[in-house]
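Have a look at the structure below, then the notes.
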Amino acid sequence: MNKILIVKTEDYVRNLLKNGLEYEGYKCECTDNGKIAADYIEEKDYDLIVLDILIPEIDGYELLKYIKDTKKAPTIFITSRSQTKDKIKALNSGADDYITSPFEIEEIVARIQAILRRYNKSEKIVKIDNMEINIPGRTVKCLNKEIDLTPKEFDLLTLLIQNRGTALYREIIFEKVWGEDLEFETRTLDLHIQRLRKKLNWKDKIKTIYKVGYMLEA
């Protein structure tokens, strides 16, 4: 699961980004303070960092320089400052993208995905216990023996993996795997979960969350 640090001053925008990105399967941590962000960056590894320009104690430009001098994590500015000089300064300082408010969360997600692909940070092969899941190759192996999954079972498994440790509502799972245009049917989802548990021997690992849905144990 890709981990993203969001450094934004406005509570509403910060929460909007966090909720939108976590809905798409990213793990997010947040702060509204540049010095705290620098401490986080020193202590932890992030796959991508979202920056604002005007943040307390250490501004976005200084924080970007610190990131490039230390962790070299990809960065994207999301800010209300729309002046061309700010964009040029950010990009010349090493930012990977620069987006001005207002924005659509779908665009943010698409740009982040593109940056992660460029840095080759998107999860490709995931190992859980004796299981190896090749996401681009759409294969699952247990102790080098391939496990046969249907396309929908693999899509369901991928969604659970991308949201490890997070309880997913049934409606969200159905929307992501089967599509918005299909009528939600609990029985269809439950049967696929049952088959996935049996094929992977993950009876205890794929947990049923009462009145919510399902979660893959972190």
_Looking at Leu54, Leu143, Leu157 in this structure, which one is buried (at least 17 other Cβ atoms within 10 Å of the Cβ) and modelled with pLDDT of 85 or more?_
Leu157
*Within the range 57-103, can you find the residues that are in a loop (DSSP other than H, G, I, E, B), buried (at least 19 other Cβ atoms within 10 Å of the Cβ) and over 22 Å from the mean Cα position of the chain (by Cα)?*
none
*Hey, Thr188 hits all of (1) closer than 30 Å to Ser80 by Cα; (2) surrounded by fewer than 17 Cβ atoms within 10 Å (Cβ to Cβ); (3) hydroxyl-bearing (Ser, Thr, Tyr) but one; which does it fall short on?*
(1)
_Candidate set: the range 130-140, residues that are surrounded by fewer than 16 Cβ atoms within 10 Å (Cβ to Cβ) and under 22 Å from the mean Cα position of the chain (by Cα); chosen: the one modelled with the lowest pLDDT_ = Pro136
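The values are calculated or read from the model by the stated rules, or taken from the named source; none is laboratory data. In this text, all values refer to a predicted model and were calculated from it rather than measured experimentally. So basically every Cβ, Gly included, is an ideal-geometry build from the backbone, and we count neighbours across all protein chains shown.
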